[in-house]
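What follows is one structure encoded as structure tokens, with my remarks underneath.
The values are calculated or read from the model by the stated rules, or taken from the named source; none is laboratory data. These figures come from a predicted structure and were not determined experimentally. So basically every Cβ, Gly included, is an ideal-geometry build from the backbone, and we count neighbours across all protein chains shown. The accessibility values were calculated without ligands, DNA or RNA, using every heavy atom of the protein model including side chains. Shrake-Rupley method; radii C 1.70, N 1.55, O 1.52, S 1.80 Å.
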Amino acid sequence: MRIKTILVSQPKPQTEKSPYFDLAEKYNLKIDFRPFIQVEGVSTKEFRQERINILDHTAVIFTSRTAIDHFFRVCEELRITVPDDMKYFCISESTAFYLQKYIVYRKRKIFFGEKRFEELMDIIVKHKSEKFLIPLSDIHKQSIPALLDKSKIKYTKAILYRTVSSDLSDLADVNYDILAFYSPSGIASLLQNFPDFEQNNTIIAAFGPATSKAVNDAKLRLDIQAPMPQAPSMTMALDQFIKKFNKDNKDK
């Protein structure tokens, strides 16, 4: 018995240099990619119910490109003209550059961190006098508002998009040797789409402590956990597991 198939609950990588493709070649695997969750924007009616006036704010904090898309979508739908002196604080440089899709980048006040919100906080704290708006998903890291509260930052949390389960009915079943998950929402989607799912010999891999907890909470067996000291990425964890599994089951 050998591992032959993997379903990754994420979109297919856009680059041919993905380590997933290297993994498939190395072990002669069939790897399918399918997002178990998708993002949908809240309607303007729902946003109005939040009673948030965007123009009451002097700065916006962006934690992702998705947040940027939905911020400007809502502004367009509500016919709000974002003032030129609005300041933007972005989680990373690549996120900041994405703003070019909506604004003239070089003429705006844009700040960005390295990659982690804690690093961006160092910059935000230096601009405490601003009134911040932070667009988020209905499911977001609670550490973000906690850090803002701790530093006594004046901010408004705006839920502009939500994470929902994808319709996976066309899969018919999830008959793969390994299922790889990257978020608790992916586990919720699995159980929503396949309420009678029985794990049996299916191997479940989870990335991140929250995803691992969701697997355990769902009374499923967690077989592969990442990141770990010896496997900082999902593909490295899969590689190590498959190598051992195939060796142990070579003669079975």
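Within 10 Å of each candidate Cβ there may be at most 13 other Cβ atoms; applying that plus a DSSP loop requirement, which trypsin sites (Lys or Arg not before Pro) in segment 80-149 survive? Sites meeting the loop and neighbour criteria: 115, 116, 126, 128, 131, 141.
The amide H of residue 111, built 1.01 Å from its N in the peptide plane, has 88, 89, 90 as neighbours under 5 Å, considering only residues 5 or more places off or on other chains. Once Rg and the Kirkwood radius are both taken over the C-alpha atoms of segment 33-139, their ratio Rg/Rh works out to 0.96. What percent does the relative contact order of the chain come to when contacts are Cα pairs within less than 8 Å and at least six residues apart? RCO, the chain: 22 percent. Taking each of 87/131; 101/131; 128/150 in turn, the alpha-carbon distance tops 18 angstrom for 101/131. Amide H contacts of residue 156 (H built 1.01 Å from N, in plane; Pro and chain starts excluded): 132, 133, 134 sit under 5 Å, all sequence-distant by 5 or more or on other chains.
Between residue 93 and residue 129, the contour length at 0.36 nm per residue exceeds the Cα-Cα span by 10.7 nm. For the chain, the per residue solvent-accessible surface stands at 58 Å², with DNA, RNA and ligands left out and a 1.4 Å probe.
Secondary structure note: in the chain, about 15% of the DSSP beta bridges are antiparallel. Maximal additional length on extending the residue 162-residue 114 stretch stands at 14.7 nm, based on 0.36 nm per residue less the C-alpha distance.
Three principal axis extents describe the C-alpha atoms of segment 140-203; from largest down they are 50, 22, 15 Å.
Residues whose amide H comes within less than 5 Å of that of residue 161, counting only those at least five positions distant or on another chain, are 42, 136, 138 (H built at 1.01 Å from N in the peptide plane).
Overall, the accessible surface of the chain at a probe of 1.4 angstrom is composed of carbon and sulfur to the extent of 49 percent.
A straight Cα-to-Cα reach below 19 Å connects residue 244 with the lysines 4, 26, 30, 252, residues fewer than 8 places away in its own chain not being considered. Bridging of residue 219 to aspartates and glutamates at a Cα separation below 14 Å is possible for 196, 198, once same-chain residues fewer than 8 apart are set aside. Here's the picture: charge each Lys and Arg Cβ at +1 and each Asp and Glu Cβ at -1 in segment 144-237, and of 208, 225, 145 the one pushed furthest to the positive end of that dipole is 145. Scaled against the 2.2 N^0.38 Å expected of a compact globular protein of N residues, the Cα radius of gyration of segment 129-252 reads 1.36. For the chain, the spherically averaged projection of the C-alpha convex hull amounts to 16.1 nm². Which one, 11, 194, 28, is farthest towards the positive end of the dipole of the chain when Lys and Arg carry +1 and Asp and Glu -1 on their Cβ? Selected residue: 11.
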